[in-house]
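**Student:** Here's a structure for you.
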Amino acid sequence: MESIKKEFESLINNVEDYEQLKQLKAKFLGRNGSVTNLFKKMSALNNQEKKEYGKKINELKNYIEDVIDEKYLDIKEKIRNKALESESVDITLPGRRKQFGAIHPITKTIMEIENIFSSLGFDVEYGPEIEQDMYNFEMLNIPKEHPARDMQDTFYIDDNTLLRTHTSPTQVRVMKHKKPPVMFISPGKVYRRDSDITHSTMFHQIEGLLIDKNIHFSDLKGVLSEFLQIFFGDVAVRFRPSYFPFTEPSAEVDIECIMCKGKGCRVCSHTGFLEVLGCGMVHPNVIKNVGYEDKWNGFAFGLGVERFAMLKYGIDNIRMFFENDMRFLDEFSYDAGRVL
Ligand code: DAH
């Protein structure tokens, strides 16, 4: 027992990690360990001897177990200290700021416009981006081969299917399944073969439609003037005669240039005004096409969301919206310009 103890004591001093400790434990206390083997020899002894001898081996075994436990804690502590040293933190470094997500400026503009029209009593409806020729053109009083089709360079999928060139087909879809009166706006993506710094092949529009009895052009003027003045602030609004196949009469709406306040600048091509939307009284052919009786009438309008966002936030290149440049998007983040 003495020599076992001495051997253990000399070996334990060289143990440096858990693995070595495990091996040492097995060597003395394992199934074939030297202390375990001592117990096995006891069968040859008489009772009195067994008692004394057994007590001594147990003492040795307990001693070895205690030393091993101590060593275990020792190693654990060493590992921890090493980690603390290598992971030491320089508390004088500035913190890393979390990046906040933000609502995309186009979505934000759509939400603002939706809020204004909801407060005026309009619902919100949606239509598909892959559309039938019939809804995108024909039911809107734009027959096949009609020259008005040249106003919109279209992506066709086949002869009857296309990527919608405007949100106006939603007018037809809603009127076909809802009884009048109807009053809604419809935001969404539209597609055209057109691309430069103010045009993108994919962009967003918001359509509006109001159908009821005895609706006048003055109702159209009232609703759109109110909307534009809430969205852009207190600006002058001007209605100009125009042409759309699905409205008669039709108009384009200009607001006083928000950059130069009507004085004339590069943004408004020195006219003092900016064109912002198209509108008109819904053409009787459209009313007929959707199966409404002719006592119903109303007005419609359509606007480009990118144009609204560009004017409101002073952005001069439409591609900024779609390039996912974090520096640009961050400008619209909740914490933009705020130090946390
Ligand atoms: N759909 C037209 C376009 O994309 C915009 C438009 C003009 C919509 C007049 C209307 C409207 O509802 O009445 O150019």
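The values are calculated or read from the model by the stated rules, or taken from the named source; none is laboratory data. None of these values were measured; they are calculated from a predicted model. Reconstructed Cβ throughout: ideal geometry from the backbone, glycine too, with neighbour counts over all protein chains shown. Surface accessibility is based on the protein's heavy atoms, side chains included, excluding ligands, DNA and RNA. Shrake-Rupley method; radii C 1.70, N 1.55, O 1.52, S 1.80 Å.
**Student:** Anything over 25 Å Cα to Cα? Flag those among 25/56; 176/295; 189/295; 6/40; 6/56, in the order listed. Present the calculation step by step, with values, prior to reporting the outcome.
**Tutor:** On the way: 25/56 19 Å; 176/295 16 Å; 189/295 32 Å; 6/40 21 Å; 6/56 15 Å.
Pairs exceeding 25 Å: 189/295.
**Student:** Now for a different question. Compute the distance from the alpha-carbon center of region 295-337 to that of region 258-279, in whole Å.
**Tutor:** Distance between centres, Cα-based: 17 Å.
**Student:** How big is the Kirkwood radius of region 2-86, worked out from every pair of different alpha carbons and given in Å to one decimal? If you can, show how the numbers build up before the last one.
**Tutor:** Working: mean 1/r = 0.0703 Å⁻¹.
For region 2-86, the Kirkwood estimate is 14.2 Å.
**Student:** May I pose another question? For an R0 of 45 angstrom, estimate the FRET efficiency from the Cβ-Cβ distance between residue 9 and residue 90 and round to the nearest 0.05.
**Tutor:** Working from the Cβ atoms, E equals 0.55.
**Student:** Can you list the residues, at least 5 places off or on another chain, whose amide H is less than 5 Å from the amide H of residue 123, using H built in the peptide plane?
**Tutor:** 183, 184, 185
**Student:** Okay, helix-only estimate at 222 nm for the chain: each DSSP H run of n ≥ 4 adds -39500 (n - 2.57), divide by all residues, round to 500 deg cm²/dmol; what do you get?
**Tutor:** Value at 222 nm, helices only, nearest 500: -12500 deg cm²/dmol.
**Student:** Taking the Cα centre of region 105-339 as origin, sum charge times position over the Cβ atoms of Lys and Arg (+1) and Asp and Glu (-1), and report the length of that vector in debye to the nearest 20.
**Tutor:** Numbers: 25 positive and 34 negative charges, 81 e Å.
Approximately 380 debye in magnitude.
**Student:** Further, regarding this structure: Report, to the nearest whole %, how much of the accessible area of region 198-257 belongs to carbon and sulfur atoms, 1.4 Å probe, protein only.
**Tutor:** Details: 1300 of 2570 Å².
Carbon and sulfur together cover 50 percent of it.
**Student:** Going through region 89-150, which GluC sites (Glu not before Pro) have at most 10 other Cβ atoms within 10 Å and a DSSP loop state?
**Tutor:** 145
**Student:** Of the residues 109, 165, 198, which exhibits the maximal mean-square fluctuation in a Gaussian network model of the chain defined by a 10 Å Cα contact cut-off?
**Tutor:** Looking only at 109, 165, 198, the biggest GNM fluctuation is shown by 198.
**Student:** Using the charge dipole of region 2-86 (Lys, Arg: +1 at Cβ; Asp, Glu: -1 at Cβ; taken about the Cα centre), state which of 29, 11, 79 has its Cα farthest towards the positive end.
**Tutor:** In region 2-86, that residue is 29.
**Student:** Let me check against my output: what whole-number percent is the relative contact order of the chain, with C-alpha pairs under 8 Å and at least 6 apart? Working shown, then result.
**Tutor:** Working: 485 pairs, mean separation 50.4, N = 340.
Averaging sequence separation for qualifying contacts and normalising by length gives 15 percent for the chain.
**Student:** Sticking with this structure for a sec: Between the DSSP loop rule and a limit of at most 16 other Cβ atoms within 10 Å, which GluC sites (Glu not before Pro) in region 275-328 are left?
**Tutor:** 293, 323
**Student:** Which whole-number value in Å² is the accessible area per residue of region 2-86, probe 1.4 Å? Can you show the working numbers first?
**Tutor:** Working: 6450 Å² over 85 residues.
It amounts to 76 Å² per residue over region 2-86.
**Student:** By the gyration tensor of its Cα atoms, with a ≥ b ≥ c the square roots of the eigenvalues, what is the shape of region 148-265: rounded for a/c under 1.5, prolate for a/b over b/c, or oblate? Spell out each step's value before the answer.
**Tutor:** Details: a/c = 2.04, a/b = 1.16, b/c = 1.76.
In terms of gyration-tensor shape, oblate.
**Student:** Rounded, prolate or oblate: which fits the chain when a ≥ b ≥ c are the square roots of the eigenvalues of the alpha-carbon gyration tensor, with rounded for a/c under 1.5 and prolate only if a/b beats b/c? Before the final figure, lay out each step's value.
**Tutor:** Details: a/c = 4.82, a/b = 3.26, b/c = 1.48.
Judged from the Cα gyration tensor, the chain comes out prolate (a/c at least 1.5, a/b above b/c).
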